[in-house]
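Asks: Provided herewith is a single structure, encoded as structure tokens, for subsequent inquiry.
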Amino acid sequence: MNTITYMTGLLTFYLKGEISTDQNFLKLKLPNTILALIPLGAKNDNIPVQQVASVSSNFKLNLKRFLVGVLICLFAFSCLTDPDAFIGGIILLLLGASTVITSFATELHVATTAGKEYFIPFLIFEKAKASQAEQLINNMIAERLNDTNNRQVAEAQTSAIVDAINNK
């Protein structure tokens, strides 16, 4: 069984997402949060290997999230100048910086033969793990296609029979 664990958020660094494969299933585990801060269970999906059609990755910038993060940071800097709101400014600065950083994301897209799509978000720091997961799933798809390729199976069986006859 191959397993890849990754961080799903900066402020919730202790929550880990998980992608694992075994011989028959692709298993996805994504933690759920409220306002990206409070943990609230996890979403688990088990996808049969025969149902996985393709996988791709996409690096993108969520512009709306980026702008909101910048605005929160600017407001936090104005709060830092006021001694009465200094602690609130620090909290807002952490929240704003986290929002800006998470606006840059790599998204893994898994499509099934039934048409269902799974989107798995990765932080920018976890981009290598996204590539690793994509390669892992692509290898799983290639193994399944090789196992179900009738021509290759028939050629292997024919070669085995010819070898057995020649080695009498």
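Asks: Is it the case that ALA85 is within 20 Å of the chain's Cα centre (by Cα) and either farther than 30 Å from LYS43 by Cα or not β-branched (Val, Ile, Thr) (or both)?
Replies: It is false that ALA85 is within 20 Å of the chain's Cα centre (by Cα) and either farther than 30 Å from LYS43 by Cα or not β-branched (Val, Ile, Thr) (or both).
Asks: If you go through the stretch 12-34 one residue at a time, do you hit one that is open to solvent by less than 70 Å² (accessible area, probe 1.4 Å), closer than 27 Å to LEU95 by Cα, out of contact with any strand residue (DSSP E or B) (no Cβ under 8 Å at 6 or more places or on another chain) and not hydroxyl-bearing (Ser, Thr, Tyr)?
Replies: no
Asks: Inside the stretch 102-117, can you point out the residues that are crowded, with 17+ Cβ neighbours inside 10 Å and more than 30 Å from PRO48 (Cβ to Cβ)?
Replies: THR102, SER103, listed by residue number.
Asks: Here's something else I'd like to know. So ALA133 passes all but one of these: (1) at pLDDT 85 or above; (2) assigned to a helix (DSSP H, G or I); (3) open to solvent by 80 Å² or more (accessible area, probe 1.4 Å); (4) out of contact with any helix residue (DSSP H, G or I) (no Cβ under 8 Å at 6 or more places or on another chain). Which condition number does it fail?
Replies: (3) is the only condition that ALA133 fails.
The values are calculated or read from the model by the stated rules, or taken from the named source; none is laboratory data. All of these numbers come straight from a predicted model, not from anything done at the bench. Heads up, the Cβs are rebuilt from the backbone with ideal geometry, glycines too, and the neighbour counts pull from every protein chain shown. Just the protein is used for accessible areas: all its heavy atoms, side chains included, with ligands, DNA and RNA removed. Shrake-Rupley method; radii C 1.70, N 1.55, O 1.52, S 1.80 Å.
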